[in-house]
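This report refers to the structure that appears directly beneath it.
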Amino acid sequence: MDNPLRRDLEHVQAQTRSVWTDLQDARLFVTGGTGFIGCWMLESFAWACDRMRLDATMTVLTRSPEGFRKKAPHLAAHPSIRLVGGDVRTFSFPEGRFTHVIQAATDANAQLSSERPAEMFETIVCGTRRVLDFAAAAGARRLLLLSSGAVCGAWDPSDPRAVYANGKREAERLCGEYARQHGIACPIARGFAFVGPYLPLDLHFAIGNFIRDCLERRPIEIRGDGTPLRSYLYAADMAAWLWTILVRGQSGVPYDVGSERAISIGELAETVARALESPVPVRIAQAPRTGEPAERYVPETARARAELGLQECISLEDGIRRTAEWHQGARSLN
């Protein structure tokens, strides 16, 4: 059966062709490989192995190998991908030497941040320390830390997002420390907001919720005033950026990964409805507060563009349509 992500994976390959040359014969170890970002790294890696005859292997740490086999059987069965079970904080080190490590564990889980903040912080920090210990023991040359744009904000300590941001800040500090001590190049990718296949439509991601509402032909409900500013990078561009940062990024340097096209949450809801040609109404619960600047969560990608030549190629509207089409296809298979 033809891969439903063929168009996207061909795009990633075209944007990263020279990167894969550096990964010939690589042995990669990836944590968080079964989440949204991780699935895109696995999809693009498997595509490169098959289409570019990339002689490389990827070992993926997951809490539930069996769960991932059900979620993405084609990736779990790929001959260049090996799943190993374990918790990022306590996993047993796989044997042998590894050339590259990607620490992508710990999603921005709003419920975990709110209900069990200490566990969120421990998972980020202890997990990163464990991965760094493994990278040093395995003789890895490069380690990519998936951090977050949240580290750039000044969060109220009572805000659950502060726990996540502080955990990521400490993870970045640890990477700098290990880079100096062990000679491992540790570039940092600060992820902002994304859209694309594999993005859950039923969690705390606004754009995913809006797409779901349009697909189910029900009103888009915004609980706030719709003024916060966000931006969304399509997942195929995101994957190309992350592979490039892994191979070409400067050690200890943070690169913002995201789109610079700012859009309010209210405007985003209208954009999703238009892109999907959906007649659903958009309802905003609160009136904007006068005299207060809108909350802003938008990256500054000048460094990524200037140093690494990275660019946003796929528009927000196109990304919304591709995401919806993928979810509709997935639903038809279930």
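Which fully enclosed helices (runs of 4 or more DSSP H) of segment 230-334 have 3 or more residues being free of Cβ contacts under 8 Å to residues at least 24 places away in the same chain?
Once the helices (runs of 4 or more DSSP H) in segment 230-334 are filtered for at least 3 residues that are free of Cβ contacts under 8 Å to residues at least 24 places away in the same chain, what remains is 302-308, 316-333.
Could you tell me whether segment 209-218 includes any residue that is at pLDDT 95 or above, basic (Lys, Arg), over 26 Å from PHE68 (Cα atoms) and part of a loop (DSSP other than H, G, I, E, B)?
Yes, the conditions are met somewhere in segment 209-218.
Output the number of residues of segment 276-296 satisfying the condition of being closer than 20 Å to ILE211 by Cα and touching a Gly at 6+ places or on another chain (Cβ under 9 Å).
Adding up the residues that qualify gives 3.
HIS11 fails exactly one of the following numbered conditions: (1) without any contact (Cβ under 8 Å) to a residue 60 or more places away in the chain; (2) open to solvent by 30 Å² or more (accessible area, probe 1.4 Å). What is the number of that condition?
(1)
Which members of segment 166-210 meet the condition of being touching a residue at least 12 places away in the same chain (Cβ under 8 Å), acidic (Asp, Glu) and closer than 22 Å to ARG322 by Cβ?
none
Output the number of the condition that LEU23 fails; it satisfies all remaining conditions of (1) open to solvent by less than 10 Å² (accessible area, probe 1.4 Å); (2) out of contact with any Phe, Trp or Tyr (no Cβ under 6 Å at 6 or more places or on another chain); (3) closer than 17 Å to GLY196 by Cα.
Going through (1) open to solvent by less than 10 Å² (accessible area, probe 1.4 Å); (2) out of contact with any Phe, Trp or Tyr (no Cβ under 6 Å at 6 or more places or on another chain); (3) closer than 17 Å to GLY196 by Cα one by one, LEU23 breaks only (3).
Could you grab me the full set of residues in segment 304-334 that are within 19 Å of the chain's Cα centre (by Cα), of a type in the set (D, E, K, R) and within 30 Å of SER251 (Cβ to Cβ)?
ARG305, GLU312
Report, by residue number, each residue of segment 208-225 that is open to solvent by 10 Å² or more (accessible area, probe 1.4 Å) and small (Gly, Ala, Ser).
Once the filter is applied, which keeps residues that are open to solvent by 10 Å² or more (accessible area, probe 1.4 Å) and small (Gly, Ala, Ser), segment 208-225 yields only GLY224.
How many of the residues making up segment 226-246 are among the β-branched types (Val, Ile, Thr) and crowded, with 21+ Cβ neighbours inside 10 Å?
Counting residues in segment 226-246 that are among the β-branched types (Val, Ile, Thr) and crowded, with 21+ Cβ neighbours inside 10 Å gives 2.
Only one of VAL19, VAL30, VAL12 is within 27 Å of CYS313 (Cα to Cα), part of a strand (DSSP E or B) and modelled with pLDDT of 95 or more; which?
That would be VAL30, the only listed residue that is within 27 Å of CYS313 (Cα to Cα), part of a strand (DSSP E or B) and modelled with pLDDT of 95 or more.
Working only within segment 33-46, note down all residues that are surrounded by 24 or more Cβ atoms within 10 Å (Cβ to Cβ) and outside any helix (DSSP H, G or I).
The answer is GLY33, THR34.
Restricting to segment 105-147, what's the tally of residues that are among the small types (Gly, Ala, Ser), crowded, with 23+ Cβ neighbours inside 10 Å, modelled with pLDDT of 95 or more and not in a helix (DSSP H, G or I)?
The qualifying residues number 2.
What about ASP25, is it modelled with pLDDT under 95 and in a loop (DSSP other than H, G, I, E, B)?
The answer is no for ASP25.
Suppose the filter is open to solvent by 20 Å² or more (accessible area, probe 1.4 Å), of a type in the set (Phe, Trp, Tyr) and not in a helix (DSSP H, G or I); does PHE98 pass it?
no
What are the residues in segment 148-167 that are aromatic (Phe, Trp, Tyr) and part of a loop (DSSP other than H, G, I, E, B), if any?
Within segment 148-167, just TRP155 meets the criteria.
Test CYS49 against the stated conditions and say whether it is more than 19 Å from the chain's Cα centre (by Cα) and not in a loop (DSSP other than H, G, I, E, B).
In short, yes.
Any residue that is under 19 Å from TYR198 (Cα atoms), open to solvent by less than 40 Å² (accessible area, probe 1.4 Å), hydrophobic (A, V, I, L, M, F, W, C) and not in a loop (DSSP other than H, G, I, E, B) - is there at least one of those in segment 69-80?
Yes, segment 69-80 has at least one match.
The values are calculated or read from the model by the stated rules, or taken from the named source; none is laboratory data. All values reported here derive from a predicted model rather than from experimental measurement. In this analysis, Cβ positions are derived from the backbone assuming ideal geometry, glycine residues included, and neighbour counts consider all displayed protein chains. We work out accessible area using only protein heavy atoms, side chains counted, and drop any ligands, DNA or RNA first. Shrake-Rupley method; radii C 1.70, N 1.55, O 1.52, S 1.80 Å.
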